[in-house]
1. Just to check your reading of the model, which residue among Lys238, Lys227, Lys244 is in a helix (DSSP H, G or I), basic (Lys, Arg) and open to solvent by 10 Å² or more (accessible area, probe 1.4 Å)?
2. Considering only the stretch 218-252, how many residues are without any contact (Cβ under 8 Å) to a residue 40 or more places away in the chain and basic (Lys, Arg)?
3. Please verify whether the stretch 251-264 includes one or more residues that are in the same structural domain as Asp195 (by the TED database), assigned to a helix (DSSP H, G or I), surrounded by fewer than 23 Cβ atoms within 10 Å (Cβ to Cβ) and of a type in the set (D, E, K, R).
4. On the basis of being open to solvent by 10 Å² or more (accessible area, probe 1.4 Å) and in a helix (DSSP H, G or I), does Gln305 make the cut?
5. Please go through (1) among the hydroxyl-bearing types (Ser, Thr, Tyr); (2) in contact with a helix residue (DSSP H, G or I) (Cβ under 6 Å, 6 or more places away or on another chain); (3) in contact (Cβ under 8 Å) with a residue 60 or more places away in the chain for Ser267 and return the number of the only condition it doesn't satisfy.
6. Answer yes or no: is there a residue in the stretch 350-357 that is surrounded by 15 or more Cβ atoms within 10 Å (Cβ to Cβ), within 30 Å of Phe237 (Cα to Cα) and not aliphatic (A, V, I, L, M).
7. Among the residues of the stretch 10-69, write down those that are of a type in the set (Ser, Thr, Tyr) and not in a loop (DSSP other than H, G, I, E, B).
8. Looking at Ile14, Ile64 in this structure, which one is open to solvent by 60 Å² or more (accessible area, probe 1.4 Å) and modelled with pLDDT of 55 or more?
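The values are calculated or read from the model by the stated rules, or taken from the named source; none is laboratory data. Owing to the predicted nature of the structure, the values given are computational and were not obtained by experimental measurement. Every residue, glycine among them, receives a Cβ derived from its backbone with ideal geometry; neighbour counts consider all protein chains shown. Quick note on the areas: whole protein, heavy atoms, side chains included, nothing else; ligands and nucleic acids left out. Shrake-Rupley method; radii C 1.70, N 1.55, O 1.52, S 1.80 Å.
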Amino acid sequence: YLEISKLALAFAIIHSRPPGKSSKEYTEYLAKTVSEQDFGWKWKVEVLEAEVLRLRQELLLTRISPRFCLENRKQDTSAETLLGQESINPTSYSSELQDSGCDVCNDSAFDSLGIASDFHQSEHNVNTPKHWLERIPPLNLCHTSKEQSVTAPVHFLQHLLEIRKLSEGGILQADFSELENDSFTICNSVSQLLDGLTLLYNNSKFPAPNILAEGVHVLISLITDTKLSNHILKKCFKKMEEFKKNLIQIILRNKSVNRFQALHSVSQTLGLLGRNSILRSSLISLLLSEVRQFAEQLLQAHQVQSVYDITRYENIFLLGMILEQLLQNETEESNLSSSDYGGEEKIKFLKNLDQIILHLSDEFPLFSLYLWRVSVLLNSGQMQ
């Protein structure tokens, strides 16, 4: 039946083709016309879905704190004005990527995005004043570009964080049990934020550093807030795991010449995610797995004198730095046993590690040193 249908369609195209146009050209024209119609419908569906999510976000915020939403509607600052300022006065980040980017120990690339300084400042100012309420625009956004699509979930989550802080200070009455009743809205908002951040991090030039900094700051604030983090992680744990895996692969696969400053900011974000004890455990397991696999591949290449991926070798040190930092934090802040965080990956990592270090130490002394330091942290008495 399918063959007969295809044959009938071919005859119909040949029979109806206009003069001066071949059957192939007419077929390509018809296919292009149909695909454009499909794209139009898909775009309309995406716009409608975005509008539905925006309305659900407004409804959820109203249920949590009606007074906050009433005061927020009285603000004069519009989203369009804010985005206009963003396009007129963007943070100058491209200039920092003009050199070779070899100074991976410099925090300027990360601090230039405002992520580290803003986050540390927010840690010391738990009761944030109402300036947040003044600078957060109403939820009336409908974006199309990849960069602007991040702002919609960011603004919703900013509202959520502001309600949390104002309610903690006794300024607002809020009922956060509503988050349990509407998991769809919170999951979709966080998923959009994580997808948007992944897209921005995949672009080594960071076309929208202000939006990127804002998004990471909101994400870290969510997972470090004692009242909101349980809701967020319970509903979006799988998405958070996917996000961490994506960031690790962004670090490993980036081959750009001026990549180190950009990748250093990605590693800083992973380090901030590791501040949460739940995310830290799985992140340590992911990093142990990646470092172990690369060490085994490097040993195999060294033994047979074959070519290894020099770019991946350079990038693996960032993962080693993050891993060492997380293990140190675990040692200092927790008395959990090693079985609580990737016990299986720890066993795989330590298996034959001494032999790997022995064979690689002459040719790759720095990488061997990192392996040894990680093994010491894993085997320390405080980690047992």
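1. Answer to the selection: Lys238.
2. Result for the stretch 218-252: 2.
3. yes
4. Criteria not met by Gln305.
5. Result: Ser267 passes all but (3).
6. no
7. Hits for the stretch 10-69 are Ser16, Ser23, Tyr26, Thr27, Tyr29, Thr33, Ser35, Thr62.
8. Every option except Ile14 fails the conditions.
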